[in-house]
Amino acid sequence: MSETFLVVGGDAAGMSAASKAKREAPDRDVVVLERSEWVSYGACGLPYYVKGEIDSLEDLVAIPADRFREERDIDLRTGHEATAIDREDSAVTVGTDDGEEYTIDYDELLIATGAGALEPPIDGLDATDVFTLQEMDAGRQLKEAVETGEYDRIGIIGGGYIGIEMAEAFRGRDIDVTLFEMRQHVLPPFGTSSAETVEDELEDNGVDVRTGTRVEAIDGDGSVEAVRTDSGDVPVDAVLVAAGVDPNVELAEEAGIDLGPTGAIATDEYGRTNEEAIYAAGDCAEMTHAVTGEPAHVPLALTANRAGRAVGATVGGDPTPVGDIAGTAVLKAFDREVARTGILDAEELRAAGFDPVSVTITSASRAHYYPGGSEIEITLVGDADSGRVLGASMVGREGVAKRIDPIATAIQSALTVEDVEYLDLSYAPPFGPTWDPVLTAAKVLN
Ligand code: FAD
C-alpha cells in the first residue's frame, strides 16, 4: 500500500505542497482536506474584487478543484474540516459539511491552515455591517453589502496593507472612508517616510486618516452607527476590521505541536514541526528571517507557496529547505506604489545586534529628459559594522514594485551596501536614470 501524504488546507501552501509531492512521487497517495469550497485561490485579489475591477470570485481561482483531481491525481476533499490530530495513531479526525465524521491515517502530514482575521479587543464586533476580509466568502459578503448602495460612510480599523487597499476600493465606489490606525503612522513595517507619503496620498483621495487613534468600540443598536475612539465618535454605516491576522494554530496546538515565539507554528529548515512526520507551512507557520536568523511570522503569498512547494519536494523524496524570508512586500495605494524588504526598525535591529545606519534619497523614475517621470524615494538601511544591507523601503508613482527586488536579493544573499552600489542593473531612459535609484541610495549610504 502506498504511503499517504495528508494536507490540511487547500490554498497557497497546501496545494503547492500537494502538487509538488505528487510530481516528485506520483505513486504516493496525496489527500487534501479543505474546509471551504475554495481551493488555490488568490485572496490577494479580494480588494480589487470588492472594488469591482474583478467581476467574479471564480476569477481569483488559479487552478479549479477538478483539475487537481483529474489532471494531478490529488484526492482533494472540499467541505472537509480537520478537527483533531492524533499523533500517537498518526490519524486526523475529519468533519464534513454533510455532518459526517471519519478518521484518516497519514504517513506525513502538512498543516497549512493559514491565518484568520485578528479580532481587536473592542466591543460591538458582532454587529451587522461589521466585516473582515480574510476568506473568499467574506469577500463576497462585503461586495454584496456595498453593492446595495446602503453605505455612505465606512470605517476601516487598521492601516495595514489590506486596510489601505480597501480604502481605495471603497473610494472607488464613492463611499466616504475613515481609516483608524492606533500607531502614529499607517504601514508600520514600511518605515515613517514611506508611510507619510501614503497618508498624504490617502488624504488627497478623500480618505479621512486618523492615525494615533485607538478604536474603543463599534456603537449601534444591532447595526453600526459610529466608531467610538479615544478621541471622539465618528459616524459610519459599516466597519471593516483589518487589524492584522492571527495564525490558525488551534489544530496544531491541541495536538501538542510547538508554537514559536511569534505565536505561529515553530518549524525547522525543512518546515518540520517538533513531530518528525508533521510539517507546517504558510500563514500558520514561522519562517527564519534572513536578517536576524530568528523565527519570524510574515504572512505573505509567495512565502506560503514557496514553503509549501519545498515541503512537497521533501515529502516526495527530494529534501528541500523552505529557505529564509526577507519580508518583501509591495502594495498600491491609489497612484502610489510602496514597497519594503528586510528590517527597517532601528530598535529591532539594535536588539538583534546590529548598528543600523540609514539614508533616505529622492531620485527619478525615468531619465530627467524623458517625459512622464516622477520621484522615487528610497530609504536604505545598512549595518555600520559589517556593511550588510538590512532593509529598505521605497515609494513612488511608478517603478517601485520591482525595484525593491534587487534589495531583497541583496538581503537574502547577505550583500553589503558597497556590493549593491556596484550591481550591474539595467538602464534605458524610459525606465530610470543611468544610476538607478537603488544604486544611488547605496552610493549615498556607503
Ligand atoms: P490560506 O490562504 O489562509 O489558506 C488556508 C486554507 O486552510 C484556507 O482555505 C482554510 O479554509 C483552510 N483551513 C483552515 N483550517 C482548516 C481545517 N482545520 N481543515 C481544513 N481546512 C482548513 N499576500 C501577498 O504576498 N501579497 C498581497 O498583495 C496580498 N494581499 C492580500 C489581500 C487580502 C485581502 C488577504 C486576505 C490576503 C492577502 N495576502 C497577500 C496574503 C496571502 O493571501 C496569504 O499569505 C496566503 O494566502 C497564505 O496562504 P496559506 O495557504 O498559508 O493560507
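Read-outs: derived from the displayed coordinates by stated rules, not from any lab. Owing to the predicted nature of the structure, the values given are computational and were not obtained by experimental measurement. Note that each Cβ is placed from the backbone with ideal geometry, even for glycine, and that neighbours are counted across all protein chains shown.
With +1 on each Lys and Arg Cβ and -1 on each Asp and Glu Cβ, how big is the dipole of the chain about its Cα centre, in debye rounded to the nearest 20? Could the numbers behind the result be given before it?
Details: 33 positive and 87 negative charges, 375 e Å.
So the dipole magnitude of the chain works out to roughly 1800 debye.
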* Prolate/oblate/rounded call for the stretch 321-388, Cα gyration tensor, a/c under 1.5 rounded -> prolate
* Structure fact -> Note: Asp200 to Ala84 extended length (0.36 nm per residue) minus current alpha-carbon separation gives 37.0 nm
* Inter-label distance for Gln141 and Asp221, nm, one decimal - labels placed 7 Å from Cα along Cα-to-Cβ -> 2.4 nm
* DSSP bridge pairs, the chain: antiparallel proportion in percent, nearest 5 -> 60 percent
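Quick one: Met166, Met394, Met287, fewest Cβ neighbours within 10 Å first, how do they rank?
Details: Met166 24, Met394 32, Met287 28.
Fewest to most other Cβ atoms nearby, the residues stand as Met166, Met287, Met394.
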* Cβ-based exposure ranking for Ile156, Ile404, in which fewest neighbours within 10 Å come first -> Ile404, Ile156
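Set the bar at 24 Å for Cα to Cα. Now go through Lys332/Lys443; Lys22/Lys402; Lys143/Lys332; Lys402/Lys443 and name every pair that lies beyond it. Can you show the working numbers first?
Working: Lys332/Lys443 27 Å; Lys22/Lys402 32 Å; Lys143/Lys332 20 Å; Lys402/Lys443 20 Å.
Violating the 24 Å limit, Cα to Cα: Lys332/Lys443; Lys22/Lys402.
Taking 45 Å as R0, compute the FRET efficiency from the Cβ-Cβ separation of Asp59 and Ser2 and round it to 0.05. Before the final figure, lay out each step's value.
Numbers: r = 36 Å, r/R0 = 0.79.
According to the calculation, E is roughly 0.80.
What is the local net charge at Thr192, summed over the other residues whose Cβ is closer than 11 Å to its Cβ (Lys, Arg +1; Asp, Glu -1)? Could you put the intermediate results ahead of the total?
Numbers: positive: Arg183; negative: Glu196, Glu199, Asp345.
Taking every Cβ under 11 Å from that of Thr192, the sum is -2.
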* For the chain, average projected area of the Cα convex hull in nm² -> 22.9 nm²
* Whole-number D in µm²/s for the stretch 1-84 (Stokes-Einstein; Kirkwood sum over Cα pairs; 20 °C, 1.002 mPa s) -> 159 µm²/s
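Based on a Kirkwood Rh over C-alpha pairs, give the Stokes-Einstein translational diffusion coefficient of the stretch 340-446 at 20 °C and viscosity 1.002 mPa s in µm²/s.
Numbers: Rh = 13.7 Å.
This corresponds to a translational diffusion coefficient of 156 µm²/s.
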* To do: Specify the inter-centroid distance of the stretch 144-172 and the stretch 274-315, based on alpha-carbon positions, in whole Å.
  => 31 Å
* Structure fact -> Taking a crude spin-label model, label points 7 Å out from Cα along the C-beta direction, the Ser374 to Ala301 distance in nm is 2.2 nm
* Euclidean distance of C-alpha centroids, the stretch 381-399 and the stretch 190-265, integer Å -> 27 Å
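In percent, how large is the relative contact order of the stretch 329-446, given Cα pairs closer than 8 Å and 6 or more residues apart?
Details: 254 pairs, mean separation 34.1, N = 118.
The normalised contact order for the stretch 329-446 reaches 29 percent.
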* Roughly what would the spin-label model give for Glu253 and Glu269, points 7 Å off Cα along C-beta, in nm? -> 3.0 nm
* All other residues with a Cβ under 10 Å from the Cβ of Asp107 taken together, and with Lys, Arg as +1 and Asp, Glu as -1, what is their net charge? -> -3
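Over the stretch 239-361, what is the mean sequence separation of C-alpha contacts under 8 Å (at least six apart), divided by residue count, expressed as relative contact order in percent?
17 percent
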* Asked: Listed highest first by mean packing, meaning other Cβ atoms within 10 Å per residue, what order do 96-103, 224-231 come in?
  -> 224-231, 96-103
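What relative contact order, as a whole-number percentage, does the chain give when Cα pairs under 8 Å and 6 or more residues apart are counted? Could the numbers behind the result be given before it?
On the way: 1069 pairs, mean separation 62.7, N = 446.
Reported relative contact order: 14 percent.
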